[in-house]
Each structure stands twice: as structure tokens, then as C-alpha cells.
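Computed from the coordinates by the stated procedures, all read-outs in this text should not be read as laboratory data. Keep in mind that this is a model prediction, so the values were computed, not measured. Positions of Cβ are backbone-derived with ideal geometry, glycine not excepted, and every protein chain shown enters the neighbour counts.
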């Protein structure tokens, strides 16, 4: 098979393969590929595997999509539940802090009033 036949598309997919060109090594450029006929055929009974996506029927694909959706929804529900739990814990912590600060503020106001009474001149 010559180069003209290869370029004109007269080779079928089973008859062609990509091979690196040896010109790239000499010039230091990126390797280029040329189409050539395979040197050996596959042994009898050996079949090349197809891509995994082409092995499923439309029904199997739909079932897989449904299963993935259900799994995603379940994970999302769990994540939302955990998020709500953390938010409740955060709000409780804030409420506790508010209570502590209110008590502290009340004590400081009382202390301020006491100090005002002590330091202010009494006019009777």
C-alpha cells in the first residue's frame, strides 16, 4: 500500500494504525504520526474491546442514570441533614455566649453604679 492510497482513504479502519514518524527525532520537533497498514492481524477469535458506554442498552443506561440520581439525592439529603445539625449547634453556642455576656454586662453595670456612688461627692 503506498502513501497515495493511504491519503485517499482507501484503507479501512482494520487495515490502518498510527505510527510515529521518524522525522521528528531528527528535527527535535513534536512527534508526528502517519497512517500505515498493520504488520499483523489479530489472532482468530480475538476481538478488540469496545468502549464501556457502547455495551449498554438504552434501558441499562436509563437505569444507571436513575441509580446515580438516587445516590446523589441520598448523599445530598445526608449533607443537608448534617448542615442543619451543625447550624443548630452553632446557634446554641451563640445563645449560650449571649447569656454569658448578658450576665457579665449586668455585673459590670452594677459595679459601675457602685463605683459612681463611692466616687461622687455627696451633696445633702
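Once you have the alpha carbon radius of gyration of the stretch 59-118, what is it after dividing by 2.2 N^0.38 Å, with N set to its residue count? Write out the running numbers ahead of the final one.
Values: Rg = 25.9 Å, N = 60, 2.2 N^0.38 = 10.4 Å.
The reported ratio for this selection is 2.48.
In nm, give the distance between the simple-model label positions of residue 72 and residue 104, each being 7 Å from the Cα along the Cα-to-Cβ direction. Result for the modelled spin labels: 4.7 nm. In plain terms, the chain from residue 86 to residue 113 could stretch by 5.7 nm, reckoned as 0.36 nm per residue minus the Cα-Cα distance.
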